[in-house]
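Let me give you the structure first, and then I'll get to my questions.
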Amino acid sequence: MSETFKLAIVGCGRHARFTLAPLWKDIPQIEPVAACDEIAENLADFADDIGIANTYSDLATMLKEQRPDILIVASWPASHLQNVLEGINAGVRAIFCEKPLALDASQAAEMAAAAKSENVVLMEGFMSRYHPQLQAVKERLIAGDIGEVRFMRGSFSTGTANAANWRLRGELGGGALMDLGCYCVSGIRHQLGMEPLSVSATGSFDKDAGVWATLMGTFHFADGVNAQFDCSFGWPRRGSYEIVGTEGIIVAPKAEWSMPKDQAFSFTVSPGDDAEQPLETVDIEGLNPYREQLLDMCNALSTGNAPLLSPDESVANMRAIDAVHESARTGQPVEIGE
């Protein structure tokens with residue numbers, strides 16, 4: 001019989017209630033034992049829907065009394081550092097922290113170092129890394145199906161969030177890049193297989209909300225490789241990407257980060273618009289990447305093997321995000337150090 005892990009969650013908003021928690025019943029290795037939220041209404045609704053008897057308004061108390069193996073951090077980004085460190089100090093074995101992992105790379109590095117020192121599995125909630133479409137595209141790039149990759153473009157936009165939502169509240173860690181564009185940055189870095197050297201960015205800053213409502217930028221990589229992204233609140237929901245190589249093009253009209261559900265996806269591979277070779281369409285079977293990431297976490301605990309997504313990866317992604325924000329704020333290109 002496989003090992004069972006006690007799971008507790010802090011942050012019981014809509015994402016936790018309608019996206020994360022419903023998956024637990026399909027993962028036999030997980031035993032939900034407790035939930036915590038400082039907003040009593042959210043906590044009561046979550047506990048009632050999911051069927052959790054042990055509820056708390058204080059994370060430290062929940063951790064002390066329940067001693068969970070896994071802590072899910074689905075609170076506001078501004079609370080992630082404190083919540084993650086509390087979990088590590090309380091002796092949890094694994095932490096799944098929703099994106100963005102931190103407010104900046106410095107915080108992310110602090111979390112990563114603390115987790116490493118206590119042998120805690122720490123994973124950022126980038127479920128797109130577990131999507132079969134992303135993996136299938138990566139395999140095509142490694143195989144050289146479009147030659148040497150020279151350019152990538154990624155987009156993600158949604159409708160305007162509620163003004164009370166963390167996404168439109170700067171003090172809570174909101175902003176289009178923190179919620180949406182972070183996926184584009186992660187996807188670009190992963191598919192290109194290298195870290196950007198610099199970035200030039202611009203956008204629209206919402207002074208009332210204290211967030212970048214729209215951001216777009218150009219990353220510059222070694223060997224003349226470039227990538228562009230755009231993200232926005234208030235545009236139609238759209239998520240796609242294109243990868244251009246010396247011998248062909250891959251287009252994903254529906255990016256795995258746009259609709260991360262167990263539905264069918266597809267991407268195309270072609271040698272270019274004027275080529276005689278027909279367009280190849282690659283169909284991808286539906287698979288819920290959130291579930292796959294939680295299964296990977298359970299596997300890491302059972303076997304001791306490293307999970308697919310590491311804290312160092314999250315630190316690198318946040319470093320690129322910091323540079324985008326700095327470039328947009330200053331209007332100048334920004335170099336991205338290590």
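The numbers here are math on the coordinates, done by the rules we state, and not lab data. Because the structure is predicted, anything quoted here is derived from the model rather than measured. With ideal geometry, Cβ positions are generated from the backbone for all residues, glycine too; neighbour counts draw on all protein chains shown.
Return a whole-number percent for the relative contact order of the range 103-187, with Cα pairs under 8 Å and 6 or more residues apart as the contact set.
On the way: 35 pairs, mean separation 17.7, N = 85.
So the answer I get is 21 percent.
Between Glu38 and Gln135, take the C-beta separation as r, use R0 = 30 Å, and let me know the FRET efficiency to the nearest 0.05.
Efficiency, from the Cβ-Cβ distance: 0.20.
Given R₀ = 22 Å, FRET efficiency for Phe205-Ser240 by Cβ-Cβ distance, to 0.05?
0.30
Go ahead and collect, in residue order, the members of the range 199-239 whose backbone nitrogen is under 19 Å from a label point 7 Å along the Cα-Cβ direction of Ala163.
205-214, 233-235
For the range 203-272 and the range 156-194, what is the centre-to-centre distance using only Cα atoms, to the nearest Å?
Between the Cα centres of the range 203-272 and the range 156-194 lies a distance of 12 Å.
Something else now. Can you order the peptides 80-90, 121-131, 272-282, 326-336 by their average number of other Cβ atoms within 10 Å per residue, highest first?
Put in order of decreasing packing, that is 121-131, 80-90, 326-336, 272-282.
Would you mind calculating the gained length between Val282 and Leu23 on full extension (0.36 nm times residue separation, minus the Cα-Cα distance), in nm to one decimal?
90.5 nm
Between beta-carbons, use under 9 Å as the cut-off and find the net charge around Gly239, counting Lys and Arg +1, Asp and Glu -1.
Charge balance in the 9 Å sphere: +2.
Given an 8 Å cut-off on Cα distances and at least 6 residues of separation, report the relative contact order of the chain as a percent.
Working: 730 pairs, mean separation 58.5, N = 338.
The value is 17 percent.
Right, here's the next one. Residue separation times 0.36 nm, minus the C-alpha to C-alpha distance between Ser57 and Arg14: what's the value?
Full extension from Ser57 to Arg14 adds 13.8 nm.
Now a separate question. Below 8 Å, C-alpha to C-alpha, sequence gap of six or more: please give me the relative contact order for the range 110-264 in percent.
Once normalised by length, the contact order is 31 percent.
What spacing in nm lies between the two simple spin-label points modelled at Ala90 and Lys261, each 7 Å away from Cα in the Cβ direction?
For Ala90 paired with Lys261, the spin-label model returns 3.3 nm.
Label Ala275 and Glu65 with points 7 Å out from Cα along Cα→Cβ: what is the distance between them in nm?
6.2
Among 295-302, 71-78, 235-242, what's the highest-first ranking by average C-beta atoms within 10 angstrom per residue?
71-78, 295-302, 235-242
Between Asn119 and Ser198, what FRET efficiency follows from the Cβ-Cβ distance if R0 is 30 Å, with the result rounded to 0.05?
It comes out at approximately 0.25.
What nm distance separates the two modelled labels at Ser2 and Leu295, each placed 7 Å from Cα along Cα→Cβ?
Using points 7 Å along Cα→Cβ, the separation is 0.7 nm.
Please work out the ratio of the alpha-carbon Rg of the chain to 2.2 N^0.38 Å and round it to two decimals.
Details: Rg = 20.1 Å, N = 338, 2.2 N^0.38 = 20.1 Å.
In units of the 2.2 N^0.38 Å rule of thumb, it is 1.00.
Also: Do you know the Lys pair count in the chain for C-alpha distances under 18 Å, with sequence separation 8 or more or different chains? Don't skip to the end; give the middle numbers.
On the way: Lys6/Lys25; Lys6/Lys64; Lys25/Lys261; Lys99/Lys261; Lys138/Lys254.
Counting lysine pairs in the chain gives 5.
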